[in-house]
Structure formats: C-alpha cells, structure tokens
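*Asks:* Following this message is one structure expressed as structure tokens.
Throughout, read-outs are computed from the coordinates displayed, never taken from laboratory work. As the structure is a prediction and not an experimental result, all values here were calculated from the model. Don't worry about glycine lacking a Cβ; one is built from the backbone with ideal geometry, like all the others, and counts go over all protein chains shown.
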Amino acid sequence: MLIPALFCRWNFSGPVFGIPAITFWPYIAGGSTLAIGLFCLPKRDIRCAGGLDKLFWFAPLLVAIAMAIFGADHFTTVHFVAMIVPAWMPWRLFWAYFVGCALLASALSLSSTVRWRLAATLLGTMLLLFVVLMHIPNLIREPQLGFVRTLILRDTALGAGILSFGISRNTFAPRVLAITRFLLAFPIAIFGFELFRHPALAPGFPQEDPTVVITLPAWIPVHALWTYMTGAIFIACAVGLTTKRYARVSAKTLGVTVLVSVFLAYLPRTINKASDVAGGLNYLAIHCALAGAALMLAASIPSNWMEETSRARKLQEVSVSR
C-alpha cells in the first residue's frame, strides 16, 4: 500500500515558467527525446543504408517521441487517465502513474538505442494488452461509442508494428512477424475505407473526438484527392502486408505515406495550436507513432524473402535429420 500512496501524493499540474504544466511537460518530454535520439543515432549505419531504408533507423525515434509526449500527458492529466483504468483494477491512480513511467522509460530506451529491442517488445505488448484489458471490454459495455473502436484499431496497429521490431532477432520471429503483419494490415484497411467515407478530413487515424475536425491546410489544393489517394495507398498496403513477398515494401510505403501526412497536416496544426496539446501536439505524436511502427515492421522483415525462406527450410531439414 505504500507505493500507491506515494504516487497519490505527487502533483504535476502546477505551472512552470508561467506555462501551464499540461502544455509545458509534453513539449519538454518530446523535445528532449528528439535531442537524445538525434545524438544517439548510428550515423555510420544510416550512411550505409540505401534509399528509403535510411528511414528505418529513425523509426524507433518517431515512436519514442510519441511515447514521451503521452508519458508526460499521463502525469499532467493523471486524474483523467485514472478514470480510464478498468474499475476492477485496484489503485487506479497508481496505474496511471505507472503507465506514464513505462512510456517515458520506453521513450528513453528507443531514443538512446539502449536495450531498444527489449523496450519495443515490452511497449508493443503493453499496447496490445490495452486492447484486451480496456478497449474491448469498454466496447462490449458501450458498443455505441465509435471512438472506442478507433482506439482498438489504433493500439492494435501500433502494438503490432512496435512488437515486430522487438522480437525480430528471436528464433521464433518469423511466426510472430506473420501475426503482427496481419494485426497491422486489418486496422490500416479499415482506416483506408474510412478515408473514402470522409474525404474532407486529413489523412490518417480517424479523429477520436467527433467535435474535432482536422483538415489539410488551405494552401494544399484538392483536399479530397489527397485523402482518396491516401485511402487507396492504405488499402493497397494492407493487402500487401498479408503477403510475404510484398510485406516489406508495403510496410515501408505505409510509413512514408503517414510521414507525408505528418508534415502536410499535423505539423502545421501543431504549430497553429501550440498551446492546445490535446488538439494539436497529440495528433502529431500519434501519427509519428504510426509512421514509426510501420517502418519498424518493415525493418524487421527480411529484405530478400526468398533467401530467408530457403535458409529457414535448410535449418528445418538439418534439425529433422538430427
């Protein structure tokens, strides 16, 4: 009982330098993570990578920045987060702080590259547990809440992509990667069809709050065309992810497509709504996380699937002969 009690006494809601804590700490957490990541990136490996494969080295950092921002959100809005914790779990405030610490720890590990595969494994598993322990029960209890379906699909996609990077060096990686490819493909296909239903909205995740409408900047012509193109790419990538031959290029294409949306739609919105973390920075962060998760999956898939299949078959034949 001592640890939960200590957590309950913490207060992170006070202003800092005259800036509300709810605004100050997410920016500080995200900016600090970006600085750590840029310093720790393996420059030599990036130079050796060819073409868009260079982006693979930035994928964990994209996820880290998002997790740092959300981790800070857990501390500055802890009482709201505690309300989301399932009622059957004791010490709800403690778990809100605990998850915030876990998100910040994963951000530090992914950005510094220290034990980053372990961090990716734990983070991906935690996101998938959110789906099983919170989102699905909430949807069963209140099926009319459309945003809960979005949360299920969103955290499934993020958890699958991040987990794939964590387990990619393990002996059982091929089987788990096959599962994570499908877990990412299904939500992306749904999001693609949603973009065709709502072409006026900015490409990416469906907005959780129905009162928030995010569109592309006014200087971009023919908004609907951009959204339709993104929806078509999402659906094509989802189909490609279900195949072994095209899974890698599909995950890479998905990551690049979401990055384009980040720069076209969500970075300008964050700049215009700098003081509104929930309506600006958080949307930037979640799409950075999706781009990073897709690129992490792409980095985990062997570049030459035929060679990998042949190697796996030979190993299996050797084990059988023994």
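*Asks:* In the stretch 93-112, what residues are closer than 15 Å to LEU38 by Cα and within 17 Å of the chain's Cα centre (by Cα)? Break it down stepwise before answering.
*Replies:* From the stretch 93-112, those closer than 15 Å to LEU38 by Cα are 107-112; that's our starting set.
The answer is ALA107, LEU108, SER109, LEU110, SER111.
*Asks:* For the stretch 78-113, which residues satisfy the criterion of being closer than 21 Å to ALA294 by Cα and either among the β-branched types (Val, Ile, Thr) or touching a strand residue (DSSP E or B) at 6+ places or on another chain (Cβ under 6 Å) (or both)?
*Replies:* Passing the criteria: only THR113.
*Asks:* While we're on this one: For the stretch 57-88, which positions are outside any helix (DSSP H, G or I) and among the hydroxyl-bearing types (Ser, Thr, Tyr)? Break it down into steps so the answer makes sense when it comes.
*Replies:* Of the stretch 57-88, the ones outside any helix (DSSP H, G or I) are 77, 85-88.
Once the filter is applied, which keeps residues that are outside any helix (DSSP H, G or I) and among the hydroxyl-bearing types (Ser, Thr, Tyr), the stretch 57-88 yields only THR77.
*Asks:* Another question about this same structure. Looking at the stretch 112-119, can you tell me whether even one residue there is of a type in the set (S, T, N, Q), in contact (Cβ under 8 Å) with a residue 40 or more places away in the chain, surrounded by fewer than 20 Cβ atoms within 10 Å (Cβ to Cβ) and not in a helix (DSSP H, G or I)? It would help to see each step written out before you state the result.
*Replies:* Going through the stretch 112-119, the residues of a type in the set (S, T, N, Q) turn out to be 112-113.
With the extra rule that they be in contact (Cβ under 8 Å) with a residue 40 or more places away in the chain, the set shrinks to 112-113.
After this cut, where a residue has to be surrounded by fewer than 20 Cβ atoms within 10 Å (Cβ to Cβ) as well, the list is 112-113.
From what's left, not in a helix (DSSP H, G or I): 113.
Yes, the stretch 112-119 contains a residue that is of a type in the set (S, T, N, Q), in contact (Cβ under 8 Å) with a residue 40 or more places away in the chain, surrounded by fewer than 20 Cβ atoms within 10 Å (Cβ to Cβ) and not in a helix (DSSP H, G or I).
*Asks:* Additional query: Loosely packed, with under 15 Cβ neighbours inside 10 Å and in contact with a Phe, Trp or Tyr (Cβ under 7 Å, 6 or more places away or on another chain): does that describe PRO60?
*Replies:* For PRO60, the condition - loosely packed, with under 15 Cβ neighbours inside 10 Å and in contact with a Phe, Trp or Tyr (Cβ under 7 Å, 6 or more places away or on another chain) - is not met.
*Asks:* How many residues, within the stretch 36-54, are within 14 Å of LEU110 (Cβ to Cβ) and in a helix (DSSP H, G or I)? Break it down into steps so the answer makes sense when it comes.
*Replies:* At the first step, the residues of the stretch 36-54 found to be within 14 Å of LEU110 (Cβ to Cβ) are 36-42.
Remaining after also requiring in a helix (DSSP H, G or I): 36-40.
Number satisfying all stated conditions: 5.
*Asks:* Answer yes or no: is there a residue in the stretch 118-141 that is of a type in the set (Phe, Trp, Tyr) and more than 24 Å from ILE233 (Cα to Cα). Can you show your working first?
*Replies:* Within the stretch 118-141, the first condition is being of a type in the set (Phe, Trp, Tyr), and the residues that meet it are 130.
Now narrow it down to the ones that are more than 24 Å from ILE233 (Cα to Cα): 130.
Yes, some residue in the stretch 118-141 is of a type in the set (Phe, Trp, Tyr) and more than 24 Å from ILE233 (Cα to Cα).
*Asks:* Would you point out the residue of the stretch 78-111, among those that are within 18 Å of ALA68 (Cα to Cα) and of a type outside the set (A, V, I, L, M, F, W, C), that is surrounded by the most Cβ atoms within 10 Å (Cβ to Cβ)?
*Replies:* Per the criteria, the residue is SER111.
*Asks:* Related question: Can you pull out the residues in the stretch 120-159 that are crowded, with 17+ Cβ neighbours inside 10 Å and aromatic (Phe, Trp, Tyr)?
*Replies:* Residue satisfying the conditions is PHE130 alone.
*Asks:* For ARG141, state whether it is more than 25 Å from LEU34 (Cα to Cα) and of a type in the set (Lys, Arg). Steps first, please.
*Replies:* Details: more than 25 Å from LEU34 (Cα to Cα): yes; of a type in the set (Lys, Arg): yes.
For ARG141, the condition - more than 25 Å from LEU34 (Cα to Cα) and of a type in the set (Lys, Arg) - is met.
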